[in-house]
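Inspection log for the structure reproduced underneath, given as structure tokens.
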Amino acid sequence: MVQRRIRVDKLYTPTHVLHDATLIVENGKVIGIEEGGAFDVDYRGYSAAPGLIDTHTHGCGGIEVTLIKTTAELSKLAECYAKFGVTSFLPTTVSAPHEVIMRVAGIVKQYRGNGGKGARVLGLNLEGPYINPKRKGAQNPSAIRLPKVDEFNQYYEESGGLIRIMTIAPEVEGALSLIQHLSSIGVIVSIGHTDADYGTVMRAIALGASRATHLFDAMTGIHHRELGAAMALLDSEDVYIELITDLIHLRPETILFAIKYAGIHRVLAVTDSMPAAGLGDGEYELGGLRVIVKGGKATLPDGTLAGSVLTMDNALRNLVKNGLRLSDALRLTSTNPAQSIGEHSIGCLKPGCLADFIILDDVLRIMATYVNGGVVYTA
């Protein structure tokens, strides 16, 4: 395999910064980093960083995950994410009829077997249908149903074991049994779209839940007499915390509070993006519901927030704009998302890591995206 030597002004590992560095890539992996030295790809004047990783996204560029019918559509989706610096993602469904989830699960399995261009597909994220209708947000109430282990097992088998995360409301009938089952087979249980109190969420965490689906949104919040789901998730050291960092779902102060309280090692940025991400204002659809995008804000006709049009490069820039060092912002948009799903060879840029990385200019625009050491997007 041909070795590639890429020279940059700065290289973020991301926790350390190396200056005038040459990244050495071979056979899809980083095999070394040198100071200065010979190079064949010149990005002097720019920075290299681990590729961005979106573990909760419903669509991009007009394509909705829940509606995909072919691997070609999933491939186009992967190419769309690469434009925004994403090197890996988890396509995420919303609550949908049984046959729809089965179809998407099968497509993800088939796509992983055939490979593709663009960002790497890490598996499948199911946001529903086992959630609380009282906290449905922008999910179709007709598709929400009670948890069933047998039904989930059909999805898992159809995906070839590629379901990585599932959102569950722990207070609904049958939820605690399913949480234990998912935990026992290595599927990450994420608490979300829930009306549960602090104690119920703590019990779910004790039984294996280890993630918060877009903290604060679509869950019981913090009150001085009832701490709610949000506080239980923040209080638990073994729980990863998702934040939608579009500055619409959460105030900047709320984002900084969550990072300070939970610790930067537990927090990760997600887009929760809908198909309008990467496009302009207009009318779209999410899970069969009409969504209006105006001024970068996606809502149902009644004003309920309906995911976002956030892209991961904007998530990164928003974090930096609100006071985080770039190295810390990269942890939230790359390293922590990878580690939250047990992926330790991505979200890093040092010898032994996969050669999934981005090239950034001085205002954090994406100049190029590399997956497996190959260019999948260039500006």
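The values are calculated or read from the model by the stated rules, or taken from the named source; none is laboratory data. Bear in mind that the values here come from a model prediction, so they are computed numbers and not experimental data. When we count neighbours, we look across all protein chains shown, and the Cβ atoms used for this are built from the backbone with ideal geometry, even at glycine. Protein only, heavy atoms only, side chains kept; ligands, DNA and RNA dropped before computing areas. Shrake-Rupley method; radii C 1.70, N 1.55, O 1.52, S 1.80 Å.
Among DSSP bridges having both ends in region 1-146, what percentage is antiparallel? Round to the nearest 5.
Values: 16 of 29 bridges.
Roughly 55 percent of the DSSP beta bridges within region 1-146 come out antiparallel.
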Answer check: region 69-117, Cα atoms, Kirkwood Rh, Rg/Rh ratio of 0.98
Write down the percent of antiparallel bridges among all DSSP beta bridges whose residues are both part of the chain, to the nearest 5.
-> 55
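Per DSSP helix of 4 or more residues, -39500 (n - 2.57); summed, then divided by the residues of the chain. What does that give at 222 nm, rounded to the nearest 500? Could the numbers behind the result be given before it?
Details: 10 runs with 97 residues, N = 379.
Computed mean residue ellipticity for the chain: -7500 deg cm²/dmol.
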With a 1.4 Å probe and every protein chain left in place, tell me how much accessible area LEU207 has, in Å² to the nearest 10.
-> 40
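With r as the distance between the Cβ atoms of LYS350 and ALA38 and R0 = 30 Å, compute the FRET efficiency 1/(1 + (r/R0)^6) and round to 0.05.
Numbers: r = 20 Å, r/R0 = 0.66.
Efficiency computed from Cβ-Cβ geometry: 0.90.
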Using only protein heavy atoms and a 1.4 Å probe, report how much of TYR130 is accessible, in Å² to the nearest 10.
-> 0
All lysines inside 21 Å of LYS117 as judged from Cα atoms, apart from same-chain residues fewer than 8 positions distant = LYS29, LYS69, LYS76, LYS83, LYS109
Charge tally in the Cβ shell below 14 Å around SER177, where Lys, Arg are +1 and Asp, Glu are -1, SER177 excluded = -2
List the equivalent ellipsoid semi-axes of the chain in whole Å, largest first, each obtained as the square root of 5λ for an eigenvalue λ of the Cα gyration tensor.
-> 33, 22, 20
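What number in nm² do you get for region 241-379 if you take the convex hull of its Cα atoms and divide its surface by four?
Working: hull surface 38.0 nm².
Average projection, Cα convex hull of region 241-379: 9.5 nm².
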Compute the separation of the alpha-carbon centres of region 298-350 and region 13-32 and state it in Å as a whole number.
-> 22
Set the Förster radius R0 to 25 Å, insert the Cβ-Cβ distance between VAL320 and TYR261 as r into 1/(1 + (r/R0)^6), and round the FRET efficiency to 0.05.
-> 0.75
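Kindly identify region 1-138 as rounded, prolate or oblate by the Cα gyration tensor criterion: order the square roots of the eigenvalues as a ≥ b ≥ c, call it rounded if a/c is under 1.5, otherwise compare a/b with b/c, prolate if a/b is larger, else oblate. Walk me through the intermediate numbers first.
Details: a/c = 3.28, a/b = 2.22, b/c = 1.48.
Verdict is prolate for region 1-138.
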Net charge near LEU349: determine it from the other residues with C-beta under 13 Å of the C-beta of LEU349, scoring Lys and Arg +1 and Asp and Glu -1.
-> +3
Note down the net charge around ALA212, summing +1 for each Lys or Arg and -1 for each Asp or Glu among other residues with Cβ under 12 Å from its Cβ.
-> -2
Reported to the nearest 10 Å², ASP302 has, with a 1.4 Å probe, an accessible area equal to 120
Taking Cα atoms, how many degrees apart are the long axis of helix 312-321 and the longest axis of the chain, rounded to 10 and kept between 0 and 90?
-> 80
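At 0.890 mPa s and 25 °C, plugging the Kirkwood radius over alpha-carbon pairs of region 98-234 into Stokes-Einstein gives what diffusion coefficient in µm²/s? Mind dumping the intermediate values first?
Details: Rh = 15.3 Å.
Value of D from the Cα-based Kirkwood radius: 160 µm²/s.
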For region 274-291, what does the Karplus curve 6.51 cos²θ - 1.76 cosθ + 1.60, with θ = phi - 60°, yield as ³J(HN,Hα) per residue in whole Hz, taken in order and with x for Gly and Pro?
-> 9, x, 6, 4, x, 10, x, 4, x, 10, 9, 9, 9, x, x, 9, 6, 10
Reachable lysines from LYS321, criterion Cα separation under 20 angstrom, eight or more residues apart if same chain = LYS10, LYS260, LYS297
